[in-house]
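The values are calculated or read from the model by the stated rules, or taken from the named source; none is laboratory data. Remember, predicted model here, so these are calculated numbers, not experimental data. Heads up, the Cβs are rebuilt from the backbone with ideal geometry, glycines too, and the neighbour counts pull from every protein chain shown. Protein only, heavy atoms only, side chains kept; ligands, DNA and RNA dropped before computing areas. Shrake-Rupley method; radii C 1.70, N 1.55, O 1.52, S 1.80 Å.
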Amino acid sequence: MSDHNSAPASSRSSAYMLESHAHISTANQQAYTSVTLREMSQYSASLCLCSEPDGFGVKSELLRHLQGGRTLVEFSSPNIAKKFHAGHLRSTIIGNFIANLKKALGNEVIRVNYLGDWGMQFGLLGAGFERSGSQEKLRTQPLEHLFEVYVQVNREAECDESVRSAAAEFFRRLERGEDQALALWRQFREITVDEYKRIYQRLGVHFDHYSGEAFHQHQTQDVLDELMTRGLLKTTEKGTAVVDLSGAGDLSSYATLVRSDGTSLYITRDVAAALDRKQRFGFDEMIYVTDKSQTVHFRQLFHILLAMGHQWAERCVHVAFGLVQGMSTRRGEVVFLEDVLEEARSRMLNNMRQSSTSKELEEPEQTAERVGISALIVQDFRGPLMSDYKFDWDKVLQAQGDTGVFLQYTHARLCSGCDTGVLMVYRYDEVLLQSANELQPRHLVNFLLTLRYRRVSHTECFNPACPQARLCLFSAVRSVLANGMRILGITPAYPKHRIQHLLRN
């Protein structure tokens, strides 16, 4: 890959080299070739960097062939009436990376959080709350109380048929639009979204639209009618309504859209949501970010949309990811994302306090938060997204090595004016291209981690402009590193936070 990158850099610098070094003798040119090439390559490229550092890489000729337009990214998508589970962290930070990358490359990006706010689980929760819920506890400890109610009603439903019947009836009341059932459901939803927004703010994540299955529930009948008109909807012996995906018409492979009791399923609402989004937003591509267990679901969804004659479904993509194993806190196995964020902040703060220079730290809580989240993101992004990985706090928060802590340290040193030369920066556009083509953050993470420093001796520079070129390059590399970190969803920590002292102990 580096071969493709070196040619443009050399061609940009060749004209300047011929002009500024015409006075050097042939013998001297031969002696100084390696230094001159490196020096002038840095000088020429650094001028481009300095003229518009925020645009370096993203406005490269290499990226001009990429499809622009409007990109809709659906990510995070937790279930309402529950605390934010740690399992949703990957979808949240991966989707945020993809949205940031697309925006950096010039696309108009629409960020959608498609909440799990409909389905039989809300029949269970509604029935359970009517049996044992407390409005007082819902005001003081909303999500904790809803979690208690849900756990209890699930336990009761396992051995009590009447509880299961009550849950099914509550969900039917929701689908019929009964006022009392809907009012309780709306209360659950509003409480949850407010809590989630607070956690997203800690992660530096935002959404343009909060949607959910419930929003599209009333549209499912239109979907079923269209499928019926096209002859795509079949009724099985069990009374379920399915779409044949076999290609041979033998139902050897199918997707169920309606249960035997007439209620809709998740995929039915997903079809309705896709059609509605295309009409409302006119996207050019739509990207779903979920774990790999939903791979078959999205394959079926895209198949159904294409069968309905919607060719834009070919520009719908599912970005799947693996599972995180062994994520826990000092108190035991972790369940909620906020526990993970608190643990990361607490451990980083403890590391800082153990530093001999901790008295120099400003805003230690904010610094610990930023560096801790950086560590979580880099740990997650270093390998292929589809791979499962084992979580290890000690490795995540290491100050040395390829970690988020060291990435923050690298940026802090650049902001502090340390060192004057950097290698590999010219590959930035190439790395962005690979990241965009594969929708994988590891390429950008690994690139940023290769930005290493070296001091350039004054004897290496033969052109009077070289010191200025190095200074310009130094400044621009700092911008590239900061921009790359932001694309990953990492907020850079600046010199006042003095995180570089973490590496001295």
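Of the residues making up segment 266-293, those that are buried (at least 17 other Cβ atoms within 10 Å of the Cβ) and free of Cβ contacts under 8 Å to residues at least 60 places away in the same chain are 267, 268, 270, 271, 272, 274, 275, 278. Assessment of segment 219-232 against the conditions (under 16 Å from residue 272 (Cα atoms), touching a strand residue (DSSP E or B) at 6+ places or on another chain (Cβ under 6 Å) and assigned to a helix (DSSP H, G or I)) yields at least one matching residue.
When segment 55-85 is filtered for residues that are in contact with an Asp or Glu (Cβ under 7 Å, 6 or more places away or on another chain) and either open to solvent by less than 30 Å² (accessible area, probe 1.4 Å) or within 21 Å of residue 387 (Cα to Cα) (or both), the ones remaining, listed by number, are 57, 60, 63, 71, 80, 84.
Considering segment 362-375, and only residues there that are open to solvent by 10 Å² or more (accessible area, probe 1.4 Å) and out of contact with any Pro (no Cβ under 9 Å at 6 or more places or on another chain), the residue that is modelled with the lowest pLDDT turns out to be 362.
Of all residues being in a helix (DSSP H, G or I) and open to solvent by 10 Å² or more (accessible area, probe 1.4 Å) in segment 377-412, which is nearest to residue 476 (Cα to Cα)? Just the residue, please.
Keep residues of segment 377-412 that are in a helix (DSSP H, G or I), which gives 377-381, 393-396, 404-412.
Retained after the next criterion (residues that are open to solvent by 10 Å² or more (accessible area, probe 1.4 Å)): 379, 393-395, 406, 409.
Working: 379: 26, 393: 33, 394: 33, 395: 30, 406: 20, 409: 17 Å.
Step by step, filter segment 377-412, then rank; the result is 409.
Residue 239 meets each of the listed conditions (1) assigned to a loop (DSSP other than H, G, I, E, B); (2) touching a helix residue (DSSP H, G or I) at 6+ places or on another chain (Cβ under 8 Å) apart from (2). Looking at 258, 223, 296, 242, which is the one that is more than 21 Å from residue 177 (Cα to Cα), out of contact with any Asp or Glu (no Cβ under 6 Å at 6 or more places or on another chain) and surrounded by 17 or more Cβ atoms within 10 Å (Cβ to Cβ)? One residue alone meets the criteria, 242.
Here is the figure for segment 288-330: residues that are hydrophobic (A, V, I, L, M, F, W, C) and outside any helix (DSSP H, G or I) total 10. Residues that are under 28 Å from residue 218 (Cβ atoms), open to solvent by 10 Å² or more (accessible area, probe 1.4 Å) and in contact with a Pro (Cβ under 9 Å, 6 or more places away or on another chain): does segment 86-100 have at least one? Checking segment 86-100: at least one residue is under 28 Å from residue 218 (Cβ atoms), open to solvent by 10 Å² or more (accessible area, probe 1.4 Å) and in contact with a Pro (Cβ under 9 Å, 6 or more places away or on another chain).
Would you confirm, using the coordinates I've provided, whether residue 428 is part of a helix (DSSP H, G or I), of a type outside the set (Gly, Ala, Ser), surrounded by 15 or more Cβ atoms within 10 Å (Cβ to Cβ) and at pLDDT below 85? No; evaluated as a whole, the condition is false for this residue. Scanning segment 111-161 for residues that are open to solvent by less than 50 Å² (accessible area, probe 1.4 Å), out of contact with any helix residue (DSSP H, G or I) (no Cβ under 7 Å at 6 or more places or on another chain) and within 14 Å of residue 82 (Cβ to Cβ) returns a single hit, 115.
Can you find a residue that is within 33 Å of the chain's Cα centre (by Cα) and over 19 Å from residue 319 (Cβ atoms) anywhere in segment 287-297? Break it down into steps so the answer makes sense when it comes.
Taking segment 287-297 as the starting set, the residues that turn out to be within 33 Å of the chain's Cα centre (by Cα) are 287-297.
Within this subset, residues satisfying the condition of being over 19 Å from residue 319 (Cβ atoms) are none.
Taking every residue of segment 287-297 in turn, none turns out to be within 33 Å of the chain's Cα centre (by Cα) and over 19 Å from residue 319 (Cβ atoms).
Counting the residues of segment 305-342 that are in contact with a strand residue (DSSP E or B) (Cβ under 9 Å, 6 or more places away or on another chain), modelled with pLDDT under 90 and farther than 21 Å from residue 76 by Cα gives 0. When segment 205-220 is limited to residues that are at pLDDT 90 or above and open to solvent by less than 30 Å² (accessible area, probe 1.4 Å), the one that is farthest from residue 98 (Cα to Cα) turns out to be 220.
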